[in-house]
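The structure appears below as structure tokens.
All of the numbers you see were taken from the coordinates with simple rules; none came from a lab. Quick caveat, the model's predicted, so the values are computed rather than measured. Ideal geometry is used to build each Cβ from the backbone, glycine not excepted, and the neighbour counts take in all protein chains shown.
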Amino acid sequence: MVTEPLGRTTATRFDVSPELWEQLVTLARAEKPKECCGVGIGPVGEVARFHALENVHEEPITRYEISSKDQLRVHLEAEDNGWDVTLVFHSHPATEPYPSATDLALAGWPDAVYAIIGMADPDQPLLRAYRIVDAVITELDVRHP
Amino acid sequence: MATFRIPPVLRTHTNEQVQVTASGSTLGSALEDLFTSFPALRERMIDEDGSLRRFVNVYVDDEDVRTQQGLDTKLDDRSSVIVLPAMAGGAA
């Protein structure tokens with residue numbers, strides 16, 4: 001069990017592998033018009049595994065929430081591997097992929113990349129990524145296939 | 001002493017400690033003990049009504065306390081408490 005902080009990444013880039021890109025886009029398309037959501041875990045700054053998770057919010061067109069049960073399951077899987085949560089992902093089905101006031105207020109994972117995919121045009125998914133620390137947004141340079 | 005696992009976002013309030021211990025026979029009393037050592041944690045975890053904040057998930061022995069007795073959930077010396085900020089947000 002990890003008893004020391006895993007450390008913070010200061011990476012300014014978010015490199016998306018072809019496999020992860022495919023997972024993110026497929027999930028966002030499948031869930032539209034609802035927001036989709038998922039979590040990536042891995043060593044600091046790396047998404048070794050991505051889990052598409054159910055959006056349990058009662059207003060899924062404009063909000064997302066991951067169930068506490070799914071969250072614990074993914075957290076324990078990360079801990080078992082000596083990993084941490086490295087990616088918190090959701091879609092904005094009809095709007096720009098920029099963090100909303102809600103996204104900012106609820107961003108509780110300062111060490112993770114917050115990635116949002118804009119699906120206003122499903123044929124042209126627009127992925128942007130941020131680090132959100134104390135409600136301060138830093139946009140990352142996203143590289144994807 | 002129950003063991004609390006502290007998530008990254010709250011570690012600034014626990015001197016960067018990942019794991020801390022607290023005494024109490026219930027989650028609520030153990031949290032009070034924890035807040036004595038780390039007072040800034042209170043506002044992050046407890047709302048104005050004295051309830052757990054809506055977007056903080058707390059698990060005792062891997063069970064969400066909202067499906068148990070909330071702050072009255074019983075603890076013993078072997079209890080393991082995990083605190084996770086909810087993952088939520090959205091366009092609206």
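Of the residues making up segment A:57-71, at least one is among the small types (Gly, Ala, Ser), in contact with a Phe, Trp or Tyr (Cβ under 8 Å, 6 or more places away or on another chain) and under 26 Å from residue B:92 (Cα atoms).
Being in a strand (DSSP E or B) and touching a Ser or Thr at 6+ places or on another chain (Cβ under 8 Å), is that true of even one residue in segment B:41-51? For segment B:41-51, residues in a strand (DSSP E or B) and touching a Ser or Thr at 6+ places or on another chain (Cβ under 8 Å): absent.
The residue that is farthest from the other protein chains (Cβ to nearest Cβ), among those in segment B:52-92 that are among the polar types (S, T, N, Q) and assigned to a strand (DSSP E or B), is B:80. For residue B:56, the conditions (1) surrounded by fewer than 16 Cβ atoms within 10 Å (Cβ to Cβ); (2) in contact (Cβ under 8 Å) with a residue 12 or more places away in the chain all hold with the exception of (1).
How many of the residues making up segment A:89-108 are assigned to a helix (DSSP H, G or I) and either aromatic (Phe, Trp, Tyr) or more than 7 Å from every other protein chain (Cβ to nearest Cβ) (or both)? If you could, list the steps in order and put the result at the bottom.
Taking segment A:89-108 as the starting set, the residues that turn out to be assigned to a helix (DSSP H, G or I) are A:101-105.
Narrowing further to those that are either aromatic (Phe, Trp, Tyr) or more than 7 Å from every other protein chain (Cβ to nearest Cβ) (or both): A:101, A:104-105.
Counting residues in segment A:89-108 that are assigned to a helix (DSSP H, G or I) and either aromatic (Phe, Trp, Tyr) or more than 7 Å from every other protein chain (Cβ to nearest Cβ) (or both) gives 3.
With respect to the conditions (1) out of contact with any Phe, Trp or Tyr (no Cβ under 8 Å at 6 or more places or on another chain); (2) surrounded by fewer than 23 Cβ atoms within 10 Å (Cβ to Cβ); (3) of a type outside the set (Phe, Trp, Tyr), residue A:47 lacks only one, and its number is (2).
The residue that is farthest from residue B:1 (Cα to Cα), counting only those in segment B:59-92 that are of a type in the set (A, V, I, L, M, F, W, C) and in contact (Cβ under 8 Å) with a residue 60 or more places away in the chain, is B:84.
Return the residues of segment A:50-88 that are free of Cβ contacts under 8 Å to residues at least 40 places away in the same chain and part of a helix (DSSP H, G or I); say none if nothing qualifies.
Selection gives A:68, A:69, A:70, A:71, A:72, A:73, A:74, A:75, A:76, A:77, A:78, A:80.
Among residues of segment A:12-27 that are within 18 Å of residue A:124 (Cβ to Cβ), those with a Cβ under 9 angstrom from a residue that is basic (Lys, Arg), sequence gap 6+ or separate chain, pair up as A:16/A:143.
Within segment A:93-109, residues that are within 26 Å of residue B:58 (Cβ to Cβ) reach partners that are surrounded by fewer than 18 Cβ atoms within 10 Å (Cβ to Cβ) with beta carbons closer than 6 Å, at six or more positions or on different chains, in the pairs A:99/A:137; A:104/A:135; A:106/B:55. Residues of segment B:12-32 that are in contact with a helix residue (DSSP H, G or I) (Cβ under 7 Å, 6 or more places away or on another chain) and part of a strand (DSSP E or B): B:20, B:22, B:26. If you go through segment A:109-133 and pick out every residue that is more than 9 Å from every other protein chain (Cβ to nearest Cβ), of a type in the set (D, E, K, R) and either more than 15 Å from the chain's Cα centre (by Cα) or more than 17 Å from residue A:36 (Cβ to Cβ) (or both), you end up with 3. Screening residue B:14 against (1) in contact with a strand residue (DSSP E or B) (Cβ under 6 Å, 6 or more places away or on another chain); (2) more than 12 Å from chain A (Cβ to nearest Cβ); (3) in contact (Cβ under 8 Å) with a residue 24 or more places away in the chain; (4) surrounded by fewer than 21 Cβ atoms within 10 Å (Cβ to Cβ) leaves a single unmet condition, (2). Filtering B:4, B:35 for residues that are within 14 Å of chain A (Cβ to nearest Cβ), crowded, with 17+ Cβ neighbours inside 10 Å and not in a loop (DSSP other than H, G, I, E, B) leaves a single hit, B:4.
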